[in-house]
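Q: Sending over a structure as structure tokens; questions will come in a sec.
Since every read-out is calculated from the coordinates, none of them should be taken as a lab result. The model shown is predicted, which means the values in this text are computed figures rather than measured ones. Cβ: placed from backbone, ideal geometry, glycine included. Neighbour counts: every protein chain shown.
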């Protein structure tokens, strides 16, 4: 870490013509008196939940036996470079999903995954669930960030009314609830996410957008003079980090503009700009990159991300699966269907692995951004054919500060409440509560002993 007498506020922003751009964490934002202390063990400060729908091809997910992982199972092999930071867990179940009085198994899966409390079965607006564990953490972390949390998705969540089993679509459209009556909408439009993070505005009207681009050209062009002045105040390491950050912002801006141009003919003339790539992987990577920027600028530390929503009918011909995802998930143990389902499961994991790799390659302090990140990846249905909510496919991925003893597969007694994991994770995030959902206690043997919580 480069330590200088120059100190910038952690909330310093570049401003120009009504736009504001948050900066990454630079060395000079850490006061010299505390810089050395912060180069020691950094506590976890980021937490994200990544949800996949329709269950798993379980034979490709779990290793053959407990203990150290010689190699990751097929579904997770895109995380092989980070095997030592991956902890697979078996035996966890979501009993709350079985206790919902009505609705389909898919709604029950998403609707209880982060609450572990049965929701009220309804197809109307009088939905009632519970505050999710991510939002319990968000309320705590919001004291230190501009945005309490980000809720992201790749599927459209525009469908309202009744969905799976006649239950409200609110239970399948999101996994995050800020209160029992407040499901948080998941955003799948990269442009909208960019605007929320960095404050740009626009219109879907082609003429208006063209005029705006001619006027603005780039958010960053308005603040280049300020960037130049700021560069003069930075040390060599900060200057290099800052230049890389600016380039990453430019790259995402370019990709969003390109996506908007590709979809220009389909856009309605409204004040909500769109720019969703038609290619799934391109869309996923763009959203992952935006999430990485949100973390990098410390705009938020909490996120949820649905790689697809329950009962998703998306097909994936680009990976040799022209079939709709949901019907394929009802595999009836047919080898060909199981193989196609596995390809979809692995494809989803590859998108998540892009974020893990990006954070691992982004310097921060004396390490990387991944060092201070902790992620939960999984779903509320195990075998997609049976739709059972036990022995769930759950993985934790975390950096050095997370304190995860990774590179292992551990099993808890069958039926151990998923809520026990959530309670344990909240503890690690520095939020101590007596009980969460249907929890019966905390999980042992996950984190290293002696590492501090936040």
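Q: Would you please classify the overall shape of the stretch 412-452 from the alpha carbon gyration tensor, given that a ≥ b ≥ c denote the square roots of the eigenvalues, rounded means a/c under 1.5, and beyond that prolate means a/b larger than b/c while oblate covers the rest?
A: Oblate.
Q: By the gyration tensor of its Cα atoms, with a ≥ b ≥ c the square roots of the eigenvalues, what is the shape of the stretch 316-454: rounded for a/c under 1.5, prolate for a/b over b/c, or oblate?
A: Taking the square roots of the gyration eigenvalues as a ≥ b ≥ c, the stretch 316-454 is oblate.
Q: Within 10 Å, count the other beta carbons around each residue, average over each peptide in 97-105, 150-158, 430-438, and list them highest first.
A: My ranking of the peptides, most packed first, is 150-158, 97-105, 430-438.
Q: Order of 372, 382 from fewest to most other C-beta atoms within 10 Å?
A: 372, 382
Q: Which of 237, 408, 46 comes first, and how do the rest follow, when ranked by fewest Cβ neighbours within 10 Å?
A: Taking fewest neighbouring Cβ atoms as first place, the list is 237, 408, 46.
Q: Testing the spin-label approximation: label points 7 Å from Cα along Cα→Cβ at residue 182 and residue 435. State their distance in nm.
A: Placing both labels 7 Å beyond Cα along the Cβ direction yields 2.5 nm.
Q: As an exercise, use a Förster radius of 45 Å and the Cβ-Cβ distance of residue 162 and residue 71 to find the FRET efficiency, rounded to the nearest 0.05.
A: 0.55
Q: Shifting gears a bit: Order by neighbour count: 304, 368, fewest other Cβ atoms within 10 Å first, most last.
A: 368, 304
Q: Given a Förster radius of 41 Å and the C-beta distance between residue 237 and residue 281 as r, what FRET efficiency does 1/(1 + (r/R0)^6) yield to the nearest 0.05?
A: It comes out at approximately 0.80.
Q: Okay, moving on. For residue 386 and residue 445, compute 0.36 nm times the residue count separating them, minus their Cα-Cα distance, and round to one decimal in nm.
A: 18.3 nm
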